[in-house]
Amino acid sequence: MARAASTGGGRTYRGQAPVNWYLSLALIVIVGLLLVGFSRYQRSHPTSSSAGAPTTSDVWNVALGIDVCGTMQPNLPANSGGTVGLAATGTGVVNVAPKNASESGGNATLGKFVSEYHGLTLTSTTLGYPGKSVMSNTQVCPAGTPQAGKQGFVTVKTWPNFESKVGTVVSGDPTAVKLANNQMITLAFVSAGADVPKPPASTITSLITAASGASTTTTTAPTATTAPTTTATTAPTTTAPPATTKPTT
């Protein structure tokens, strides 16, 4: 044994490749690559969570416009008052008042609202207004529209609040857009490069009204009061004293 030790473990031992070391190094590299890939997947595919705002105690408002081939569509008819917590009010404003975990927190998305509104369609390649044909990317805008004859594409643009002057065009899946209080959103099917406008002015006014909590009831003007009639007063008649006759001399 002493002789073997003095030779450094012998020629056989020195000639062996450090297999375990190479295997450990390969395992570290593989695990690292898997972690990087998983991290990138999570970033590009965020999971929804019911935690955070809006909660079932919150009431938010979002202005929504829908532009098809350059024509702003009428406000979505109201579907509020039912069991859904993300509902259209009929004024162009979407009321965000979650009723359960599926509508709160990270689940309060544009896609959730669309899924709860019968007849409304939205994907990254299709847009459909209730009662009208669903438009698909590269489809030509019909005659009679401002962009007739041009190929249209689904474009969604958002503004943080009603005071914002600059909006952001959504990249990726538009249904993943998280709703925010006083936010403005326009769903559009327009030609490439066309500007996507804000929701109509009347819708923005409704959003401001909802945000301020102001009532929209009509105030009746007070009835005018008739001034009292003044009766003319006749001045009393003054009786002249009797004339005095001067005696004759």
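Excluding same-chain residues fewer than 8 positions from Lys99, which aspartates and glutamates have a Cα within less than 20 Å of its Cα?
Asp58, Glu116
With every protein chain kept in the model, how would you rank Lys112, Lys99 by accessible area, 1.4 Å probe, largest at the top?
Of Lys112, Lys99, the descending order of accessible area is Lys99, Lys112.
How far is it, in nm, from the label point at Val59 to the one at Thr121 when both lie 7 Å from their Cα along the line to the Cβ?
3.5 nm
If I stretch the segment between Lys99 and Val31 completely, what's the gain in nm (0.36 nm per residue apart, minus their alpha carbon distance), one decimal?
Once the chain is fully extended between Lys99 and Val31, it gains 20.3 nm.
Separation between the Leu23 and Val169 pseudo-spin-labels, each 7 Å from Cα along Cα→Cβ, expressed in nm?
Here the modelled spin labels are 5.5 nm apart.
Using the basic label-point model (7 angstrom from Cα toward the beta carbon), what is the Val134 to Ala78 distance in nanometres?
2.9 nm
The values are calculated or read from the model by the stated rules, or taken from the named source; none is laboratory data. All values reported here derive from a predicted model rather than from experimental measurement. Every residue, glycine among them, receives a Cβ derived from its backbone with ideal geometry; neighbour counts consider all protein chains shown. Keep in mind that these areas ignore ligands, DNA and RNA; they rest on the heavy atoms of the full protein, side chains included. Shrake-Rupley method; radii C 1.70, N 1.55, O 1.52, S 1.80 Å.
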